[in-house]
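Participant: Before I ask anything, here is the structure I am working with.
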Amino acid sequence: MNRSKNQTTGNYDDYHKVKSMDVFKNGYTFKFEVGNTVIECWGSSVTGKEVIKVDNKVVSEKRNMTSRKSLHEFRHKGTNYEIEFNVISMLTGELHCILIKDGVHFETKKLIVTKGRNNEPYSKRKFWRDFFISTGIGFIFGFVGMSIYLHDDVRPLFDGLINTIGSWF
């Protein structure tokens, strides 16, 4: 089952959905079963560290902070394996983990980062909407705050408050 996202409906049925804070705290994990062999792939979106384990033994470990793709090659019981992490979109948090066995594609696992109570995936439209709303709110508060601070009657009050707080440190 190797379907990609349905472009018309935005359907992510065959994706593993993970909340954004869980990915931030715990990293992302993929698990492949090849016969009696279990291959676990873990990565940190914060530090860039990636670890591949076969039957609970580390076979590959590296740190990747500069590329959206990384490749781990290893050999187990006479079989060559490759694991490829592929960040499809940093904006939406879409990540694919591809297992290649003896040079042939074996399986692809897909992960999408979600947010909110509905466990909805990020979208570019939602990102830009949230960005502009946050920027607008920040501009309004900044403008109002500076207007109040620059007013002659209020300035001594703010300066006294800042000096008092500064003396605590």
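Nothing in this text is a laboratory measurement; each read-out follows from the coordinates by a stated rule. The model shown is predicted, which means the values in this text are computed figures rather than measured ones. As a convention, Cβ positions derive from the backbone with ideal geometry for all residues, glycine included, and neighbour counts pool all protein chains shown.
Participant: Percent of Cα-Cα pairs per 10 Å bin, from 0 to the last occupied bin, for the range 16-121, please list those.
Facilitator: Per 10 Å bin, starting at zero, the Cα-Cα P(r) for the range 16-121 comes out as 14, 49, 29, 8, 0 percent.
Participant: So how much slack lies between residue 126 and residue 169, counting 0.36 nm per residue of separation and subtracting their Cα-Cα distance, in nm?
Facilitator: Numbers: separation 43, 0.36 × 43 = 15.48 nm, distance 4.06 nm.
Full extension of this stretch gives 11.4 nm more.
Participant: Which Rg and Dmax, in Å, describe the Cα atoms of the range 32-78?
Facilitator: Every Cα atom of the range 32-78 included, Rg and Dmax give 11.5, 34 Å.
Participant: Continuing with this model, one more query. For residue 76, what residues show an amide H to amide H distance below 5 Å, using hydrogens built from the backbone and excluding near sequence neighbours?
Facilitator: Counting only residues 5 or more places away or on other chains, the set is 81.
Participant: Assuming 0.36 nm per residue, please report the length gained on full extension of the stretch residue 33 to residue 53 beyond their Cα-Cα distance.
Facilitator: Roughly 6.0 nm would be gained on extension.
Participant: Once the piece of chain linking residue 40 and residue 151 is laid out straight, how much longer is it, given 0.36 nm per residue of separation minus the C-alpha distance between them?
Facilitator: Stretched out fully, the residue 40 to residue 151 stretch lengthens by 33.9 nm.
Participant: Still on this structure, I have one more. Mind checking the dipole of the range 124-167: about its Cα centre, +1 per Lys or Arg Cβ, -1 per Asp or Glu Cβ, Debye to the nearest 20?
Facilitator: 560 debye
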